[in-house]
Amino acid sequence: MGNGSRAARLPGIAALVRLAVRRERGIAPWWILGLIALALVMVEYIRTNMATPELKATYVEVIGANAFLRGLGGGAVEPRLEVLATWRSGGFLYVASAFAALMSVIRHTRAEEDAGRSELVLSGAVGRYAPLTAAMLVSGAVSLLGGTLTAAVLTGIGLEPVGSFAYGAAVTVAGWVFGGVGAVAAQVAGGARTATAAALATLAAAYVLRYAGDAAGVSWTAYLSPVGWSHLVRPYQEERWWMLGVSIAAAAILYAVAYRLLGRRDLGSGLLPERPGRESAPGLRGPVSLAWRLHRGLLAKWAAGVAVFAAAGGALSPLTRDLLARPSVVVDNLRRTLGIASGPEALGAYSWYLILIIAYAVALYPVLMTLRLRAEELSGRAENVQSTPLTRLRWAAGQLVVTALGAAALMAVAGLVFGTVYALLVGDLASDLPAFLAGALSTVPAAWCVGAVCVLAYGLLPRASAAISWLVWCLTAVLGQVAGPLYGVWGGLPVEPFHFVGNAMTGPPFAVVPTTGLLAVTALLASAGLLALRHRDFGR
């Protein structure tokens, strides 16, 4: 088929588009709703907490004096409601749109090949390029719908229409560019996991490049970052429409490269050869060692990302100390909003807030590991493993043990790195390092509880487990202690487990009753999930 015409390789495209839309109906609406909700929350936050022009002007001065805040939003900011709101939310919406798009493309292309379904599809009247085309059309449509609805909603609440649609367009093109990144990664990598890791690494590098440049005041670095291109549209300010053209051109080039690469590789393989493994694995003596071998690479990548964020948080401690010491209405308002106390405990409260951000992110780790259980089951690899003396429950339990220890290790890394940098810059190593380590580890039971809910969903409702798992984590983050203050909810809501984790930097790190309760609920949910897994049909 490699020498046929391009048109001859696209039969069946309509059917594949319908199939992709059907599969996305349980995922895409939540992403779109999340984009809209975050944009609205930021507008309401600015309206509520910076109601006067003087407060807005003071907040702009605070941003200019703090590298962390400058990098968070990116680019220049003006003391106007719409500019401040989109400046705050844009840094998240552009990345969220990009993440959703690249995951969608890989899910409908390389993941289908790994599962063997693409081979069955292509055995019918379906062209070689049809699956990739369908994936790109659907992911592009989701990005377009997310950006358009965000713009329409912002216009509906009274923001300027031109700026709103410039903002929505910037959200859309971020998805288009990284949909192309996902398409290229799917052709180059040897499997869906490697493709996902490569695409996410590209997204992380683009974000770090943009963030570092804005934090350091080196604005030209944004032109080197695909994420930065969306920031450079500058909605509600200049509206640089030509920057949208840069993103669209880059997306077109990436899609063309993906098509070209697809024609040069065999189905089920990547352009980069996979490294052959050893002939024997004497260390694989049980379910725990097997799970460790499968997940150690991903755990190392997570640990590196956590360490970088924790080091950045610790490095900003001197700047934050100076900022919190300034007599400012905006600083006082931010302190109240985030629950940061005044006086000598203010810097510790700031540190706890950053530890919570890391903890909510690490709570995603057990969610992803539970999703891997389902992926291993559907691919048939888990069934092959269970043809040995390894039973279904031992296989799943081994995965969960490694997942639980991995989540604890990630928070230990966060505490050690954050505490070390903090102590070297503004504190005392002997007293601060143990406090940061204990504080970070105090959040682990809550992260385990999130994963246990996903295990229960995997055992009871395997087909819906992916959607349920993502929904559980999203609700935990949105209703939690980090996002809650943005819409007037302090301490999070009792329906999410981090609500029961107290501030370990200003109080005891391990409160007996809440910690014991979280561990008991986690054990109950995980046990119920394993019991359900034992009694249901496997591989369906």
Of all the C-alpha pairs in the range 107-231, what % are more than 20 Å from each other?
56
Taking the chain and counting helices only, DSSP H stretches of n ≥ 4 at -39,500 (n - 2.57) each over all residues, the nearest-500 ellipticity at 222 nm comes to -24500 deg cm²/dmol
Which whole number in µm²/s is D for the range 428-540 by Stokes-Einstein, with the Kirkwood Rh taken over Cα pairs at 25 °C and 0.890 mPa s?
159
Rounded, prolate or oblate for the range 343-491? Axes are the square roots of the Cα gyration tensor eigenvalues, ordered a ≥ b ≥ c, and the cut-off for rounded is a/c under 1.5.
oblate
Accessible area of Y259 in the full protein assembly, 1.4 Å probe (Å², nearest 10)
40
Distance from the range 402-469 to the range 59-120 (C-alpha centre basis), Å:
24
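Carbon and sulfur: what percent of the chain's accessible surface (1.4 Å probe)? Let's see the in-between values first.
On the way: 16140 of 23640 Å².
Heavy-atom surface of the chain belonging to carbon and sulfur, 1.4 Å probe: 68 percent.
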Explain nothing, just the number: dipole magnitude of the chain about its Cα centre with +1 on each Lys and Arg Cβ and -1 on each Asp and Glu Cβ, in debye rounded to the nearest 20.
1620
Choose one of V126, A423, V60: the residue whose Cα lies farthest towards the positive end of the charge dipole of the chain (beta-carbon charges +1 Lys, Arg; -1 Asp, Glu; about the Cα centre).
V126
With every protein chain present, what is the per residue accessible area of the chain (1.4 Å probe, Å²)?
44
First obtain the Kirkwood hydrodynamic radius of the range 72-164 from its Cα pairs, then insert it into the Stokes-Einstein equation at 25 °C and 0.890 mPa s, and state the resulting D in µm² per second as a whole number.
156
Restricting things to Cα coordinates, could you compute the convex hull volume per residue of the chain in Å³?
155
Sticking to Cα atoms, compute the Rg of the range 17-74 to one decimal and its Dmax as the biggest Cα-Cα distance, whole number, in Å.
17.9, 53
Could you work out Rg/(2.2 N^0.38 Å) for the range 39-103, with Rg from alpha carbons only?
1.17
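The values are calculated or read from the model by the stated rules, or taken from the named source; none is laboratory data. These figures come from a predicted structure and were not determined experimentally. Here the Cβ is made from the backbone with ideal geometry for all residues, glycine too, and neighbour counts use every protein chain on show. When the accessible area is computed, the model is the full protein with side chains, heavy atoms only, and any ligands, DNA or RNA have been set aside. Shrake-Rupley method; radii C 1.70, N 1.55, O 1.52, S 1.80 Å.
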